[in-house]
Ligand code: NAD
């Protein structure tokens, strides 16, 4: 389905991004993976994608807080593959703290990685997509792009920003064969969620089980974590021609969270 296409997925050494990169490759796209982690493990994943799916897979270690590194990553991808056809802005971090204690460096990092990096990649990718008359921009939003939770000021602000960026870009490229959408998952069981448990335990004076039941899944009526594969299937669908009229949408995958 995606043969002759190139997908670039930021933050794809782990969690949702890795599942998205793998489903794109499984469907024939060449992929650029990005993110941090152990070098040997990343190389194993990269070469594994090539041998398992018969596509080309390139790794970029670009830091999503740095505009110049993002520009280089986008230029390298265009040089290697001609263009980025499917851009998935997925890199993200979290920090949980009351507003009055929220560390300024965490605020800056979350806004840079979860929001500004998507501006930089879209800014670089759209000219190539316009030239081809085809493109897919998929931003990993969150239920927190639509509603708030306490102690997550930077994350909620960045994700609401992603919603605004997605809608604005969708309008600007609407007649160019390019769509821009955000996937808005509720809680997905990934390292990002696992890592916020200790801080939430501290902020709310709770045990791990209480955090899972009464905080994480409290707002998710299904009481089930979303899976990374379910999010990846949505990204694949948004990349298909069947989804060509879906643009500017916030695709909720939250077990009913924002319906309440
Ligand atoms: P994760 O921690 O498993 O993966 C995050 C990825 O981002 C990793 O590959 C990491 O290396 C990369 N990354 C972090 N900082 C980076 C930087 N400065 N430069 C480049 N890469 C960087 O997290 P995840 O849960 O898979 O989250 C992925 C996205 O999904 C995030 O945008 C997150 O906000 C969003 N999301 C997650 C959930 C959830 O419940 N897990 C829910 C809704 C939305």
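Note on the chain: GNM, Cα springs under 10 Å; of 163, 112, 41, the largest mean-square fluctuation is that of 41. For the chain, what does -39500 (n - 2.57) per DSSP helix run (n ≥ 4), summed and divided by total residues, give at 222 nm, in deg cm²/dmol to the nearest 500? Result for the chain, helices only: -14000 deg cm²/dmol. Put simply, the Cα atoms of segment 113-154 extend 43, 16, 9 Å along their principal axes, the longest span coming first. Relative contact order of segment 126-253: what whole-number percent is it, with Cα pairs under 8 angstrom and at least 6 residues apart? Averaging sequence separation for qualifying contacts and normalising by length gives 33 percent for segment 126-253. Tilt of helix 153-172 relative to the longest C-alpha principal axis of the chain, in degrees (0 to 90, nearest 10)? In the chain, helix 153-172 runs at an angle near 30 degrees to the longest axis.
Each 5 Å bin, from zero up to the one with the longest distance, holds this percent of the alpha carbon pairs of the chain: 1, 6, 14, 18, 20, 17, 12, 7, 3, 1, 0. Exposure proxy shown here: for 59, 237, the number of other Cβ atoms within 10 Å sets the order, fewest to most, as 237, 59.
When the convex hull of the C-alpha atoms of segment 73-113 is computed, what volume per residue in Å³ does it have?
Spelled out: Cα convex hull of segment 73-113, divided by residues, is 71 Å³.
Extents of segment 72-148, largest first, come to 47, 26, 14 Å (Cα atoms, principal axes, whole angstrom).
Against the longest alpha carbon principal axis of the chain, how many degrees, from 0 to 90 and to the nearest 10, is the axis of helix 228-239 turned? Compared with the principal axis, the helix lies near 40 degrees. Note: segment 144-232, Cα convex hull, 107 Å³ per residue. The fewest-to-most ranking of 199, 214 by surrounding Cβ atoms within 10 Å reads 214, 199. For segment 1-105, the Kirkwood radius over C-alpha pairs fed into Stokes-Einstein at 4 °C and 1.567 mPa s yields D = 91 µm² per second. Contact order for the chain, expressed relative to its length and based on alpha carbon pairs under 8 Å spaced 6+ residues apart, stands at 19 percent. Residues considered: 170, 243, 29. Largest GNM mean-square fluctuation over the chain, using C-alpha springs under 10 Å, is found at 243. Here the residues 18, 192, ranked from fewest to most Cβ neighbours within 10 Å of their Cβ, fall in the order 192, 18.
Give me the angle, in degrees from 0 to 90, between the Cα long axis of helix 191-204 and the longest principal axis of the Cα atoms of the chain, rounded to the nearest 10. Approximately 20 degrees, to the nearest 10.
Bear in mind that the values in this text are calculations on the coordinates, not laboratory data. Since this is a predicted model, take the numbers as computed values, not measurements. FYI the Cβ positions are ideal-geometry reconstructions off the backbone, even for glycines, and counts take in every protein chain you see.
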